[in-house]
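Asker: First, the structure itself, so that you have it in front of you.
What follows draws every value from the coordinates through simple rules; no lab data is involved. Only a predicted model underlies this, so the values are computations on that prediction, with no experimental measurement involved. No Cβ is skipped: glycine too gets one built from the backbone with ideal geometry, and neighbour counts run over all protein chains shown.
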Amino acid sequence: MARKKLLLIRGLGHSGTTILDLALGSHPRMIGLGEALRILRTPSPGEGHRGPARLRAELRHQRLCTCGRTASSCPVWGPLLEWLPAHDHYPLVEKLQQLLAEVDHHVKQQGDAIEWMVESYQDDMVLPFVDDPALEIRILYLTRDVRSWVHSRSRDGRHKKHWLPALKPLLRWCRVNARQDRLLQASGRPVFRLGYEQLALEPETSLRRLCSWLEIPFDEQMLQPAQHSTSHILAGNRMRFDANRGASIRYDGAWLGHSSSLVQLALLLPWVRQLNQRLVYSKDHLFNH
């Protein structure tokens, strides 16, 4: 039996993972699954009101998948969500294998030549360390410039109430990216670093490099995600249903006119500046290869 190929998109949320998932799902040899592990994880007590728990019940008949069907009638998620409630005690990796089996079944019925399945739950640090001979796992580490990311998050109503709205997002960017970078380097997996700025400002160049690393030919359909994507995303950024925003990969440069003085000061610290440069703008895209 051929090994299943799984590409994990990891990094901070709000860094372009949804548009990237859609773009990759536009390639005829790839299928995107969005933040699948967010759904597969067993809900904790008190989380019954949250989306993943409700998708095991009535919400699956209402929420739309990006394939255009409700979750319950989606050929990938429909059977999985019926199976899941009775098997929530299974380990996460076994539930993932069940999802990948549903993808395999769907792909064979469609007659597609899918090679890579894409999962983009950024908070997960379990799968990079899974030792499963049936899975070939590679990791795409997506990072957004600290100035752009902090500007985006500091506009959130939760942070606007603070006297320094950029402080918590700045500390989170530094802490999470430093930790995940360290963990992924220790995972032993092949990792491809991609800066959101590189992706959004040079989408074709970035996607060509990525396709070369995945050993598949570049396909121009990837440059028009909303028009061509065959991703099956149930959990992720709401822009997945915005045809205008998903029509192409574009850069939001709003931060350029409102750059935080606090972030500018932080960039004077060598380790912050070097981390931002290495993760977002480095010409050396690969490590652990």
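Residues are listed down the side, and each one gets a yes or a no for (1) in contact with a Gly (Cβ under 8 Å, 6 or more places away or on another chain); (2) within 15 Å of residue 235 (Cα to Cα):
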residue	(1), (2)
11	no, no
40	no, yes
43	no, yes
58	no, no
63	yes, yes
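Asker: Would you check if residue 39 is touching a residue at least 60 places away in the same chain (Cβ under 8 Å), out of contact with any His (no Cβ under 6 Å at 6 or more places or on another chain), under 26 Å from residue 111 (Cα atoms) and among the aliphatic types (A, V, I, L, M)?
Answerer: Judged against the criteria, residue 39 is not a match.
Asker: Looking at segment 62-69, can you tell me whether even one residue there is among the hydroxyl-bearing types (Ser, Thr, Tyr) and either assigned to a helix (DSSP H, G or I) or exposed (fewer than 15 other Cβ atoms within 10 Å of the Cβ) (or both)?
Answerer: Among the residues of segment 62-69, not one is among the hydroxyl-bearing types (Ser, Thr, Tyr) and either assigned to a helix (DSSP H, G or I) or exposed (fewer than 15 other Cβ atoms within 10 Å of the Cβ) (or both), which makes the answer no.
Asker: Step by step: first the residues of segment 21-37, then only those that are touching a strand residue (DSSP E or B) at 6+ places or on another chain (Cβ under 6 Å) and outside any strand (DSSP E or B), then the one that is farthest from residue 200 (Cα to Cα). Which residue is that?
Answerer: 36
Asker: So, one more: I'd like to know if segment 38-58 contains one or more residues that are closer than 23 Å to residue 204 by Cα and buried (at least 18 other Cβ atoms within 10 Å of the Cβ).
Answerer: no
Asker: A further question follows. Going through segment 253-286 one residue at a time, which ones are under 18 Å from the mean Cα position of the chain (by Cα) and not aliphatic (A, V, I, L, M)?
Answerer: Residue satisfying the conditions is 285 alone.
Asker: Next question, about the same structure. Can you name the residue in segment 86-104 that is touching a residue at least 24 places away in the same chain (Cβ under 8 Å) and outside any helix (DSSP H, G or I) and, of all such residues, is surrounded by the most Cβ atoms within 10 Å (Cβ to Cβ)?
Answerer: This residue is 88.
Asker: What number of residues within segment 240-252 satisfy the criterion of being within 23 Å of residue 201 (Cβ to Cβ), in contact (Cβ under 8 Å) with a residue 24 or more places away in the chain and either loosely packed, with under 14 Cβ neighbours inside 10 Å or out of contact with any Lys or Arg (no Cβ under 8 Å at 6 or more places or on another chain) (or both)?
Answerer: Residues in segment 240-252 being within 23 Å of residue 201 (Cβ to Cβ), in contact (Cβ under 8 Å) with a residue 24 or more places away in the chain and either loosely packed, with under 14 Cβ neighbours inside 10 Å or out of contact with any Lys or Arg (no Cβ under 8 Å at 6 or more places or on another chain) (or both): 7 in total.
Asker: Checking residue 83 against (1) crowded, with 17+ Cβ neighbours inside 10 Å; (2) without any contact (Cβ under 8 Å) to a residue 60 or more places away in the chain; (3) among the aromatic types (Phe, Trp, Tyr), only one condition comes out false. Which one?
Answerer: Going through (1) crowded, with 17+ Cβ neighbours inside 10 Å; (2) without any contact (Cβ under 8 Å) to a residue 60 or more places away in the chain; (3) among the aromatic types (Phe, Trp, Tyr) one by one, residue 83 breaks only (1).
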